[in-house]
Amino acid sequence: MPEIEVPTEHLHEHIHHKAHNNGGWVTKVALTAALLAVLAAITALLAGHYANEAMIEQIQASNQWSYFQAKSIKASVVESRVSMMQEMGKEPYAKDLAKMEEYKKEQAEISETARHKEEHSAMHLAMHNTLAKGVTLFQIAIALCAISAIADRKWLWFSSIGLGFVGTVFLLLAIF
């Protein structure tokens with residue numbers, strides 16, 4: 001019985017060509033995912049830094065407002081003493097009047113420092129929020145890379161590149 005030979009050279013070439021092309025594409029997807037992971041890590045690190053800075057600045061602002069309150073109580077005590085002296089028809093002590101002015105000046109400086117700390121805290125929190133959006137976009141882009149390689153859908157890979165680009169914009173907005 002004669003052997004039937006099926007020409008398979010064309011099939012082998014087709015399989016080799018397909019494997020080479022998909023292997024190259026999958027390699028590009030893997031490199032894209034790796035790059036996105038690096039950007040996500042950097043962005044997450046910066047987001048954490050700015051969150052910590054916002055919290056520290058807010059704590060410092062709260063401390064300043066507590067200090068302001070303490071000075072306010074001291075000023076009230078001195079002001080009461082001055083009022084009592086005036087009610088009794090006596091001249092208030094010069095040192096009490098000077099102390100009242102000193103407390104008012106100190107309170108103005110303390111409140112300015114507290115407001116400055118609050119502004120910095122808000123700025124750091126805004127930067128954190130911007131970076132957090134970038135991290136989210138990078139994570140979604142990484143997931144889309146994996147799905148695109150598994151499902152063999154290039155449009156998902158292109159979508160991941162687009163999301164990675166937007167994530168990079170958020171990263172650059174926060175840095176600059």
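Which three lengths, in whole Å and largest first, does segment 39-175 cover when its Cα atoms are put on their principal axes?
94, 18, 18
Would you mind listing how long segment 30-78 runs along its three principal axes, going by Cα atoms, in whole Å with the largest first?
72, 6, 5
Can you tell me the 0 to 90 degree angle between the C-alpha axis of helix 154-175 and the longest principal axis of the chain, rounded to 10?
On a 0 to 90 degree scale, this one is about 20.
Please order ILE73, ILE140 by the number of other Cβ within 10 Å, starting at the fewest.
So the residues, fewest neighbours to most, are ILE73, ILE140.
Of the candidates VAL77, VAL38, VAL29, which one comes out as most mobile in a Gaussian network treatment of the chain with C-alpha springs shorter than 10 Å?
Checking each option, the largest mean-square fluctuation is seen for VAL77.
Against the longest alpha carbon principal axis of the chain, how many degrees, from 0 to 90 and to the nearest 10, is the axis of helix 9-87 turned?
It is inclined by approximately 10 degrees.
Taking the Cα centre of the chain as the origin, how large is its charge dipole in debye, to the nearest 20, when only Lys and Arg (+1) and Asp and Glu (-1) carry charge on their Cβ atoms?
That gives a dipole near 480 debye.
Express in nm, to one decimal, how much length is gained between TRP25 and GLU101 on full extension, taking 0.36 nm for each residue of separation and deducting their alpha carbon distance.
19.9 nm
Could you tell me which residue out of VAL77, TYR93, HIS49 lies farthest along the dipole of segment 39-175 toward its positive end? Charges go on the beta carbon: Lys and Arg +1, Asp and Glu -1, centred on the Cα centre.
My answer, from the dipole projection, is HIS49.
How far, in degrees from 0 to 90, does helix 94-151 lean away from the longest principal axis of the Cα atoms of the chain, to the nearest 10?
For helix 94-151, the angle is close to 10 degrees.
Extension gain ASN63-MET123, at 0.36 nm per residue separation less the Cα-Cα distance, in nm?
The span from ASN63 to MET123 would gain 19.7 nm if fully extended.
222 nm [θ] for the chain, helices only, -39500 (n - 2.57) per DSSP H run of 4+, per residue, to 500?
Per the formula, -34000 deg cm²/dmol.
Report the number of Lys pairs in the chain whose alpha-carbons are under 29 Å apart, with separation of 8 or more residues or on distinct chains.
26
Taking GluC sites (Glu not before Pro) as exposed when DSSP calls them loop (any state but H, G, I, E, B) and at most 16 other Cβ atoms lie within 10 Å, what is the longest stretch of the chain free of them, the sites themselves excluded?
The segment 6-176 is the longest one with no such site.
Throughout, read-outs are computed from the coordinates displayed, never taken from laboratory work. A quick note: this is a predicted structure, and the numbers were derived from the prediction, not measured. In this analysis, Cβ positions are derived from the backbone assuming ideal geometry, glycine residues included, and neighbour counts consider all displayed protein chains.
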